[in-house]
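Novice: Below: one structure in structure tokens.
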Amino acid sequence: MSSALQYPFTEPPAAGHRVQVAPGVYWLHFPLPFSLDHINLWLLEDGDGWTLVDTGFGSRATRDLWRAAFDSALDGRPIRRILVTHYHPDHIGQAAWLATHFQAPVWMTRGEWALTQRLQAASDQEVADGFRGLFGRHGLGEAELATLAGRGNGYRKVMPELPPTPVIIAEGDTVTINGDTWRVHIGRGHAPEHACLYRERDHLLISGDQVLPTISSNLTVRANLPDEDPVTEFVDSLRALRAALPADTLVLPAHGLPFRGLHQRIDDLCAHHDEQLDAAQAACDQRPLTAFDLLPVLFKRELDSHQLMFAMGESIAHLNCLHALGRVRREERDGCLYHIAV
Ligand SMILES: [Zn+2]
């Protein structure tokens, strides 16, 4: 699918070390405790210190790695500013701790800050009710619902502290870092207002999770906005990014290797979601289906309970998109939503 992409770097940096990927731009690689086993963070020279883009997972293990990296990866120089692409705990997890340690401001978008605050503040009961309300209505069985609901607020466990009130960035803003201008491009669908950063002078894009080289970013629907259509938001914002940025852009993603081939990758991602929509509609033409029924059509692999949560969100997202386009209609039976191809 991504054979046309070029990868100028074959290996990530070793733990606690940085690798230069462009003038003043360095790559850090931190582990994650999931099947997605790492995240890339980006360190930008900024006067006598650094601007850091994304911060690593909110775990004690990541904090220990950071302490060890202060002298090696950072050369003992301070972090002067922390830019967070979006609310996910592998990106924002250490923002509060690093901001306190270095007395550094956090910069992020209004939409990501609002969602971070809301998720962090939710009670265990509110989270459990949200799962039951949304996933129950979309066909998830009682045993799986009880497992998910029993976890309580999983976000707060890996995001124990809120960072200080951030400096707000928005679409089209420019951020000056070491005399260079970086422009903010907003992505949607994976997160409400995901910040990507583009350096015009050498066509460099820090893409966060908005554009990844080998996996398609998770798109999910949240319980408080059950009819959202993140598939359309994701595809539309990717097309806007494709129109705004040149084909030779070097993409620095949060997961996987830096690559060239932005336009091709965006075309592949949009085609992937078109195929998933077609497959979902065809399945709903055979018999009325819930989002849960649709999982084996959209996901060809076994799903553990962690992946089941993401897969349900993604399945609901594709059905919401088909519904918004008038390609399926809905019938409610026994409290569950069934989808019928139109
Ligand atoms: Zn993410």
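Novice: State all residues of segment 304-339 that are assigned to a loop (DSSP other than H, G, I, E, B) and under 30 Å from PHE34 (Cα atoms); if no residue qualifies, say none.
Specialist: So in segment 304-339, the residues assigned to a loop (DSSP other than H, G, I, E, B) come out as 304, 325-327, 334-335.
Across segment 304-339, the qualifying residue is only ASP304.
Novice: Counting residues that are over 26 Å from VAL235 (Cβ atoms), which strands (runs of 3 or more DSSP E) fully inside segment 149-218 reach at least 1?
Specialist: 167-169, 174-177, 180-187
Novice: Could you go through segment 306-327 and let me know if any residue there is more than 25 Å from LEU238 (Cβ to Cβ) and either in contact with a helix residue (DSSP H, G or I) (Cβ under 6 Å, 6 or more places away or on another chain) or free of Cβ contacts under 8 Å to residues at least 12 places away in the same chain (or both). Give the derivation first.
Specialist: Going through segment 306-327, the residues more than 25 Å from LEU238 (Cβ to Cβ) turn out to be 306, 308.
Those still in the list that are either in contact with a helix residue (DSSP H, G or I) (Cβ under 6 Å, 6 or more places away or on another chain) or free of Cβ contacts under 8 Å to residues at least 12 places away in the same chain (or both) too: none.
The answer is no; no qualifying residue exists.
Per-residue answers, yes or no, for (1) without any contact (Cβ under 8 Å) to a residue 24 or more places away in the chain; (2) within 16 Å of the ligand (Cβ to nearest atom); (3) under 27 Å from THR290 (Cβ atoms):
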| site | (1), (2), (3) |
| --- | --- |
| GLY76 | yes, no, no |
| VAL84 | no, yes, no |
| TYR87 | no, yes, no |
| HIS91 | no, yes, no |
| ALA99 | no, no, no |
| PHE102 | no, no, no |
| PRO105 | no, no, no |
| GLY133 | no, no, yes |
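Novice: Taking the condition of being part of a helix (DSSP H, G or I) and of a type in the set (A, V, I, L, M), how many residues in segment 62-115 meet it?
Specialist: Here the count works out to 10.
Novice: With the requirement that a residue be at positive phi and within 12 Å of the ligand (Cβ to nearest atom), what does segment 187-228 give you?
Specialist: Scanning segment 187-228 gives GLY189, GLY208.
Novice: I would also like to ask the following. Taking only segment 212-241 into account, find how many residues are touching a residue at least 60 places away in the same chain (Cβ under 8 Å) and either acidic (Asp, Glu) or in contact with a strand residue (DSSP E or B) (Cβ under 8 Å, 6 or more places away or on another chain) (or both). Walk me through how you get there before you give the answer.
Specialist: To start, the set of residues in segment 212-241 that are touching a residue at least 60 places away in the same chain (Cβ under 8 Å) comprises 213-215, 218-224, 226-232.
Subset that is either acidic (Asp, Glu) or in contact with a strand residue (DSSP E or B) (Cβ under 8 Å, 6 or more places away or on another chain) (or both): 213, 227-229.
The number of residues fulfilling the criteria is 4.
Values quoted throughout were computed directly from the atomic coordinates according to the rules given, and no laboratory measurement underlies them. Keep in mind that this is a model prediction, so the values were computed, not measured. Virtual Cβ from ideal backbone geometry, glycine too; neighbours counted across all protein chains shown.
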